[in-house]
1. Before we move on, is F21 more than 15 Å from the chain's Cα centre (by Cα), hydrophobic (A, V, I, L, M, F, W, C) and surrounded by 14 or more Cβ atoms within 10 Å (Cβ to Cβ)?
2. Hey, could you check the stretch 47-60 for residues that are touching a Phe, Trp or Tyr at 6+ places or on another chain (Cβ under 9 Å) and of a type in the set (A, V, I, L, M) and say which is farthest from N28 (Cα to Cα)?
3. So which of V54, V49, V45, V78 is aliphatic (A, V, I, L, M) and either modelled with pLDDT under 95 or touching a helix residue (DSSP H, G or I) at 6+ places or on another chain (Cβ under 7 Å) (or both)?
4. Which one is farthest from E30 (Cα to Cα), of the residues in the stretch 61-95 that are of a type outside the set (A, V, I, L, M) and under 9 Å from the mean Cα position of the chain (by Cα)?
5. Please identify the pairs in which a residue from the stretch 1-18 that is of a type in the set (V, I, T) has its Cβ atom under 8 Å from the Cβ atom of a residue that is modelled with pLDDT under 95 and in a helix (DSSP H, G or I), counting only partners at least 6 apart or on another chain.
Amino acid sequence: MTNRVITIFAFTILTLLWITFGAALLFNRELLDAVWQSFRSWPLVIQIVVGLLVLPVALGLWIWQTSWPIWLRLILVVGLGLITIYMFFPRKTRSQPEVSSPKS
């Protein structure tokens, strides 16, 4: 049960972060620049911890800040977002077969 709660929590947080990323990409690209600059201004230890916790989104921000062609950045960021949401989607786990107790 605890694993299920953690999975749902991680899926919810990452999905909300990607939705926010997409909204900023559509409506306010300067916000992405500001978030990246803010993230880069933090102490290195905090950057590492936060970067690992939200690795796909941090990678998406880094990709967006590169000087690559916009079509490539869009494909990579959208692909990364979709793959993240797909991989973190809470699936029903297979229950383990019950072991019957030996009869005396």
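The values are calculated or read from the model by the stated rules, or taken from the named source; none is laboratory data. From a predicted model like this one, the values you see are computed outputs, not experimental measurements. Neighbour counts are summed over all protein chains in view; Cβ atoms, including those assigned to glycine, are modelled from backbone coordinates with ideal geometry.
1. For F21, the condition - more than 15 Å from the chain's Cα centre (by Cα), hydrophobic (A, V, I, L, M, F, W, C) and surrounded by 14 or more Cβ atoms within 10 Å (Cβ to Cβ) - is not met.
2. V50
3. Exactly one of V54, V49, V45, V78 is aliphatic (A, V, I, L, M) and either modelled with pLDDT under 95 or touching a helix residue (DSSP H, G or I) at 6+ places or on another chain (Cβ under 7 Å) (or both), namely V54.
4. Going residue by residue through the stretch 61-95, those that are of a type outside the set (A, V, I, L, M) are 62, 64-69, 71, 73, 79, 81, 84, 86, 88-95.
Subset that is under 9 Å from the mean Cα position of the chain (by Cα): 81, 84, 88.
Details: G81: 19, T84: 24, F88: 28 Å.
By that ranking, first place goes to F88.
5. T7/F88; T15/F88
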